[in-house]
Each structure stands twice: as C-alpha cells, then as structure tokens.
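Undergrad: Encoded as structure tokens, here's the structure I'll be asking about.
Bear in mind that the values in this text are calculations on the coordinates, not laboratory data. All values reported here derive from a predicted model rather than from experimental measurement. As a convention, Cβ positions derive from the backbone with ideal geometry for all residues, glycine included, and neighbour counts pool all protein chains shown.
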Amino acid sequence: MRRKVFSIALKDNVSFLGEQGFCWALTEGEGCDIFRDIHSNIRRKAVWEGKLSKRALGMKGSEIRRLFRLSMQPGVISFAGGLPDPGSFPGEEAASVLSRLLRERGEVLLQYGPARGDEELVEVIRERMGRRGIDVGPREVLVVSGAQQGLDLCAKLFLDPGDVVLVEAPSFIGALGAFRNYQAEMVGVPMEEDGVDLGALERTVEGLLGEGRKPKFFYTIPNFQNPTGTLTSQEKRRGVLELARRYDLLVVEDDAYGELGFGTSDQEVRPIKAMDGEGRVIYLGSFSKIVSPGIRLGWMAGPEELIDRFEMAKQMLDVCPSPLIQAMVVELHRKGFLDEHVLNLREIYRSRRDAMVSSLRRHMPQGVRWTEPLGGFYVWVTIPEGRDALDLFHMAVERKVAFVIGSAFYPDESVRNVFRLSFCHEREEVIEEGIGRLGEATRAFLSG
C-alpha cells in the first residue's frame with residue numbers, strides 16, 4: 001500500500017519536476033530512472049547556479065509557456081499564438097529571388113555585412129515610413145533582428161535596475177518580458193476604447209514624480225494593439241506626445257501591425273513618430289507580419305546619435321543582420337510584390353476577423369464582451385467580474401480549444417477576467433468550429 005501511495009505522489013509531482021528541468025517522463029517501471037535523472041541534474045545545476053548574475057536570477061519563466069504546451073495537444077484548435085497565416089508566406093517568390101541572388105551575388109551576400117544594416121534596405125524602410133508621414137535620414141535607421149530585438153536594445157540602453165517604465169495595461173508580453181529582464185519596475189496605465197487613458201497617464205506620472213521617481217519612457221502600440229486590437233485615436237496620439245514633452249519622457253512606439261488595417265485611412269494609422277519634431281519617439285517596425293516571422297527582420301528609427309549607441313549594443317549581440325535576407329526583402333519591395341502582398345494580407349485577416357466576431361456573437365453567452373478590431377491579429381474578451389480566465393482555459397482545453405489568459409499581459413498580473421483570441425492563423429471554418437467549442441465551455445463555466 002505504501003508503495004502505491006508513493007507511486008501516485010511521484011506521478012502527481014513529475015510534471016512539476018519536469019518544469020524545473022529535473023525529469024521528463026514517467027511510465028511504469030521508470031521510478032528509479034527518474035530519481036537517477038533528478039540526482040544527476042541537481043549535481044549539474046549546482047555547478048552553475050551559484051554563478052548566475054543577479055539579473056539572471058531575477059528572470060522568471062511564465063505560466064503562459066506551460067499553457068501554450070497544453071494548447072498544442074492533438075485536436076486542439078488554438079487561438080493562442082499570434083502566428084501569421086502560413087499559407088500567406090511568399091515561399092515561391094522568396095525561393096526565386098534567393099536563388100537568383102545567390103547565383104549573382106552569393107560571395108557578398110553570404111559574407112558579414114554592415115552592423116547598421118544594408119544601405120538598400122535602409123532606403124526601402126525610409127520609403128515605406130515616408131508614405132506614413134515619417135521623415136528620417138539614413139543614419140537614423142538601424143536594422144534589427146525583429147522588433148523584439150529593438151525592445152531588448154531599448155531596455156539595455158535606458159534601464160538600470162529599479163527604473164520605472166510606463167506601459168499600457170494590458171500590453172505586449174514580449175515587451176514586459178524584455179523590460180523585466182533588465183529589472184525595471186513597470187507601471188501599467190489603463191486602456192480605453194480609443195487608446196490609453198490620458199488622464200490616468202498624467203496622474204501616474206505626477207504620482208511617480210511626487211515620490212521622486214521619474215519614468216524613463218512610455219511604451220505604446222497605437223495601431224491594432226497586442227493584445228486588445230485597439231486603434232489609438234489621433235487625438236490621443238497627440239496627447240501622448242504632449243505629455244512626453246511636458247514631463248520630458250521618451251516614447252517607444254511599436255508599430256508591428258500598422259500596415260494591416262481593414263479599411264482604415266492613412267490618417268487614422270499615422271504613427272506618433274510622424275508628429276515628433278524633437279527626437280523623443282523611438283519607432284519600431286517589423287517585416288515579420290508582412291513577409292514572415294522566420295526572416296527575423298525589423299528596424300528602429302530615432303535620433304542619429306542614439307541610433308549610433310543602439311548599433312554599438314546590437315553589434316555585440318549578433319554582429320550584423322543577414323545580408324541575404326535583407327537583399328531578398330529589397331527585391332520583393334522593388335518588384336512591387338510586397339505592396340500587393342500587404343493588400344492580400346489585409347483581405348485574409350479581415351475575413352478571419354469577421355469570422356471570429358460573427359462566431360462570438362452567435363456562440364457567447366450574455367455577460368461576455370469583446371473588441372472588434374479594425375486591423376491586426378487579436379480580439380480581447382472580457383468575462384464577468386470575479387471570474388478567472390485561467391479556470392475557463394482548463395475547461396476550454398477539455399473541449400479542444402485554447403486561448404491566452406489575459407493576466408499575463410498586465411505588469412502585475414492583477415486582472416483575471418480577460419483573455420486574448422488570435423484570428424490570424426486559422427481558416428474561417430476552423431474559427432467557427434473553435435468559437436463554437438469556446439462558447440460551449442464559457443456557458444458551462446459561467447453557469448457553474
């Protein structure tokens with residue numbers, strides 16, 4: 001009997017031990033092997049653990065990673081990851097361009113390149129930003145390995161342990177993680193239907209200054225925000241810039257979704273950077289959503305002297321962006337393919353947004369609210385106060401559908417009755433089936 005109890009306890013704890021890196025699986029007869037693995041891993045961990053920096057010790061894993069693994073089970077329809085539609089990737093076009101580039105310029109494009117980025121790609125970036133009202137010189141652009149690297153560089157250059165960063169609440173998990181890794185204190189500012197609450201933003205800054213703590217910058221995603229899908233009004237964008245001037249703050253503007261509007265005008269999605277005459281806004285752009293995330297290509301724009309410092313920091317991370325991938329994007333742009341491709345992407349994602357919103361209307365019970373975004377990848381869902389989306393998540397996974405719990409998008413993880421749905425990856429018929437399952441789970445959850 002004691003052996004049976006021990007076996008049950010071991011099985012109950014094996015998933016926890018696996019999370020800690022001590023063991024991986026448990027089947028009949030594997031108990032001794034498990035404990036040998038545990039002992040071996042503890043000894044190996046003791047060799048390096050005491051040598052970690054304070055910053056590394058402060059890094060923490062996220063419950064989201066464990067939940068993502070649950071969402072990847074066979075048969076689960078996942079609205080969790082913000083994965084672009086794989087059917088839209090320009091595989092044939094990229095293969096043709098890459099083949100020709102390698103034949104004609106392989107010796108150059110397979111070599112190291114400039115740390116700041118290829119001059120031709122910088123000109124493409126300047127042209128695309130110029131269409132949206134942003135006028136910057138070639139020395140005011142840095143090509144980076146995706147906008148995520150830009151976020152890490154902002155944290156590296158601006159943040160000392162304990163520094164305050166203002167973020168929208170909710171905000172992008174990748175940004176929160178980057179700032180947290182540099183031991184920043186993040187203070188969330190509530191969102192409204194048309195963007196950040198400017199009154200709350202000003203009160204937050206005043207309160208912090210009253211405590212003798214001045215924020216370093218405000219991080220914002222004005223166009224089709226991740227996770228809410230919110231489009232910040234132009235009035236509020238001007239308000240953000242005015243508050244930044246008044247209180248001498250920087251603004252880090254993340255515009256990964258700016259080209260993916262569904263019928264929005266150029267004026268509606270005009271970036272804050274387009275209004276910036278002081279070099280106060282650091283702008284982040286990305287090719288991940290309009291070409292593919294696998295190419296890991298984005299850019300930063302800001303004052304030349306600051307970009308010089310970002311370049312020095314970046315060079316120590318990855319030396320240079322891929323010359324071959326940069327040349328491919330230049331060719332896709334020059335052929336006119338990229339502009340046409342963006343138009344096609346807008347229609348793909350508009351159709352999927354429509355499918356998700358209409359399915360939510362049909363299947364969700366009373367008391368549940370959601371956003372209806374004008375672009376981007378995401379719908380933000382709110383369930384009644386006092387309910388925890390994590391509990392709903394487990395009921396949803398039992399019905400083979402998954403999402404991302406919303407608490408992870410808040411710096412203090414305090415809001416529990418929200419979650420994010422991504423409509424970008426699945427086809428319309430799969431969205432309909434998945435939201436049907438989610439509606440069933442939600443009705444059961446709220447009635448329980």
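Undergrad: Antiparallel versus total DSSP beta bridges in the chain: what percent is that, nearest 5?
TA: Values: 20 of 39 bridges.
Roughly 50 percent of the DSSP beta bridges within the chain come out antiparallel.
Undergrad: Here's another thing I want to ask about it. Over the chain, what relative contact order in percent results from Cα pairs under 8 Å that are six or more residues apart?
TA: On the way: 738 pairs, mean separation 93.3, N = 448.
Reported relative contact order: 21 percent.
Undergrad: Among all the aspartates and glutamates, which ones have a C-alpha under 15 Å from LYS54's C-alpha, if same-chain residues fewer than 8 places away are not counted?
TA: Within the straight-line limit of under 15 Å, LYS54 reaches these aspartates and glutamates: ASP160.
Undergrad: Mind ranking 50-59, 95-104 by how tightly packed they are, going by the mean number of other C-beta atoms within 10 angstrom, highest first? Each step should come with its number before you reach the end.
TA: Working: 50-59: 9.6, 95-104: 13.5.
By packing density, highest mean first, the sequence is 95-104, 50-59.
Undergrad: Going by Cα centres, region 59-120 and region 255-302 are how many Å apart?
TA: 18 Å
Undergrad: Now a separate question. Just to confirm the number: angle between the C-alpha axis of helix 337-363 and the first principal axis of the chain, 0 to 90 degrees, nearest 10?
TA: In the chain, helix 337-363 runs at an angle near 40 degrees to the longest axis.
Undergrad: Here's something else I'd like to know. Compute the helix-to-body angle for 2-19: its Cα long axis versus the longest principal axis of the chain, expressed 0 to 90° and rounded to tens.
TA: Roughly 0 degrees, rounded to the nearest 10.
Undergrad: LYS156: which aspartates and glutamates have alpha carbons under 15 Å from its alpha carbon, excluding same-chain residues fewer than 8 sequence positions away?
TA: Answer for LYS156, where 15 Å is the Cα cut-off: GLU185, ASP308, GLU311, ASP318, listed by chain and number.
Undergrad: Sort 403-414, 212-223 by the packing proxy (mean of other Cβ within 10 Å over each peptide's residues), most packed first.
TA: Details: 403-414: 19.6, 212-223: 21.8.
Descending packing order for the listed peptides: 212-223, 403-414.
Undergrad: Charges at C-beta only: +1 for Lys and Arg, -1 for Asp and Glu. How large is the resulting dipole of the chain about its Cα centre, in Debye rounded to 20? The partial results should precede the final answer.
TA: Working: 59 positive and 66 negative charges, 303 e Å.
Roughly 1460 debye, rounded to the nearest 20.
Undergrad: Another question, if that's okay. Report ³J(HN,Hα) in whole Hz for each residue of region 276-288, in order, from the Karplus equation J = 6.51 cos²θ - 1.76 cosθ + 1.60 where θ = phi - 60°; Gly and Pro get x.
TA: Along region 276-288, the couplings run 8, x, 10, x, 8, 9, 9, 9, 10, x, 8, 9, 4 Hz.
Undergrad: Rounded to the nearest angstrom and ordered from largest down, what semi-axes does the equivalent ellipsoid of the chain get from its C-alpha gyration tensor (root of 5λ)?
TA: Computed over the chain, the values are 36, 28, 26 Å.
Undergrad: What's the angle, to the nearest 10 degrees (0 to 90), between helix 91-109's Cα axis and the longest principal axis of the chain?
TA: Helix 91-109 and the main axis of the chain meet at about 60 degrees.
Undergrad: State, as an integer percentage, the relative contact order of region 91-335 based on alpha-carbon contacts under 8 Å between residues 6 or more apart.
TA: Working: 406 pairs, mean separation 71.9, N = 245.
Normalised by residue count, the contact order of region 91-335 is 29 percent.
Undergrad: Test of understanding: express the Cα radius of gyration of region 91-335 as a ratio to 2.2 N^0.38 Å, with N the residue count.
TA: Working: Rg = 18.2 Å, N = 245, 2.2 N^0.38 = 17.8 Å.
After normalising by residue count via 2.2 N^0.38 Å, the value is 1.02.
Undergrad: Let me ask something else about it. Could you check what % of the DSSP bridge pairs in region 334-448 are antiparallel, to the nearest 5?
TA: Numbers: 9 of 9 bridges.
About 100 percent, rounded to the nearest 5.
Undergrad: Follow-up question, since we're still on this one. Nearest 5 percent is fine: what portion of the DSSP beta bridges confined to region 91-335 is antiparallel?
TA: Numbers: 10 of 27 bridges.
Of those bridges, close to 35 percent are antiparallel.
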